[in-house]
1. Restricting to segment 14-30, and then to whatever is without any contact (Cβ under 8 Å) to a residue 24 or more places away in the chain and within 23 Å of Gln49 (Cα to Cα), can you tell me which residue is most open to solvent (accessible area, probe 1.4 Å)?
2. Mind listing just one residue for me: the one in segment 51-92 that is more than 30 Å from Asp229 (Cα to Cα), open to solvent by less than 50 Å² (accessible area, probe 1.4 Å) and not aliphatic (A, V, I, L, M) and, of those, modelled with the lowest pLDDT?
3. Looking at (1) modelled with pLDDT under 85; (2) in a helix (DSSP H, G or I), which is the one condition that is false for Val114?
4. Against the condition polar (S, T, N, Q), assigned to a helix (DSSP H, G or I), open to solvent by less than 30 Å² (accessible area, probe 1.4 Å) and more than 30 Å from Tyr22 (Cβ to Cβ), how does Thr196 come out, does it pass?
5. Which condition does Gly212 not pass, out of (1) touching a Ser or Thr at 6+ places or on another chain (Cβ under 6 Å); (2) open to solvent by less than 30 Å² (accessible area, probe 1.4 Å); (3) in contact (Cβ under 8 Å) with a residue 24 or more places away in the chain; (4) farther than 25 Å from Ser105 by Cβ, if it passes all the others?
6. Could you figure out which of (1) more than 26 Å from the chain's Cα centre (by Cα); (2) closer than 28 Å to Leu242 by Cα; (3) open to solvent by 90 Å² or more (accessible area, probe 1.4 Å); (4) of a type outside the set (Asp, Glu) isn't true of Pro95?
7. What's the number of the only condition in (1) over 22 Å from Leu130 (Cβ atoms); (2) out of contact with any strand residue (DSSP E or B) (no Cβ under 9 Å at 6 or more places or on another chain) that Pro232 fails to meet?
8. If I go through segment 231-251 residue by residue, how many of them are in contact (Cβ under 8 Å) with a residue 60 or more places away in the chain and open to solvent by 80 Å² or more (accessible area, probe 1.4 Å)?
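The values are calculated or read from the model by the stated rules, or taken from the named source; none is laboratory data. All values derive from a computational prediction rather than experimental measurement. In this analysis, Cβ positions are derived from the backbone assuming ideal geometry, glycine residues included, and neighbour counts consider all displayed protein chains. The protein model used for the area step is the full one, side chains on, heavy atoms only, and it has no ligands, DNA or RNA in it. Shrake-Rupley method; radii C 1.70, N 1.55, O 1.52, S 1.80 Å.
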Amino acid sequence: MRGRPGRGGLLAYAVLYLAFLYLPVLFLPLFSFNNSVFIAFPLSGFTTQWYRDMLGDSAMLHALGNSLEVAAVTALLATVLGLLAAKALTRYRVPGGGALLAFSSLPLFIPDIVLGISLLILLNLAAIPLSLLTVAAGHVLICVPFAITVLMSRFEGFDKSLEEASLDLGESGWMTFWRVTFPLALPGIVSSLLLTFIVSFDEFLIAYFLSGNEVTLPIYIWGQLRFPDRLPAVLALGAVILVSTALLVVFAEWVRGFGLKDRHRMVGA
């Protein structure tokens, strides 16, 4: 019986790859419970003091609130724009549709620092003051391509006869969208909302240029790195965000998979 000599190598590669990806991240919750302000081994003991400090840091919680507001507005606007674009590109023969799709994806390939400086110059020329709204506008720019990608994958393979049947039975275009298209596209919409929310929540460079005096959480954390005694509370908040983000990603994948199962069931019916 012949062995499979490559299997062990592939398994070792997979383990090393996953360790490279996730091992550094696991240090965050580990040191958030360490009873020392210094990030070093050996660990000094177990404590939850840094989590109590985190809850008592009003500036940090304010920055967290700013990030949540910006991410929520960004996710909503990017998903609405992505939904309209995805439906138009998959349902109708749009002249130059391929070029429009490529052009809309361009922010994904422009470095964020270049995009941030460009938007800052534009806002200064237009005399628009920097605020959380300008941060949200910048984040919408980079999140719309993600929303279009997620929603186009949902609309692809969508049975057009369902919409045509609804229109033939006398429903208006809006009611057809609301009663037929929206429920079937809902898993993709939820995935888009969650994905764009996470992208906006974690973004640093564009927010750094466009936030003005209202800092978001990544900018606040960056500023706290200069003060070693405040770092443990930042680690505690980072651990909370890490767990919350992981749960959101798992939920988004579950919703996306749920939608795909529904589509396969409809195709097989």
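1. My answer is Leu26.
2. Within segment 51-92, the match that is modelled with the lowest pLDDT is Arg91.
3. With respect to (1) modelled with pLDDT under 85; (2) in a helix (DSSP H, G or I), Val114 is out only on (1).
4. no
5. The failed condition is (2).
6. All conditions pass for Pro95, except number (2).
7. If we test Pro232 against (1) over 22 Å from Leu130 (Cβ atoms); (2) out of contact with any strand residue (DSSP E or B) (no Cβ under 9 Å at 6 or more places or on another chain), just (2) comes out false.
8. Looking only at that region, the number is 1.
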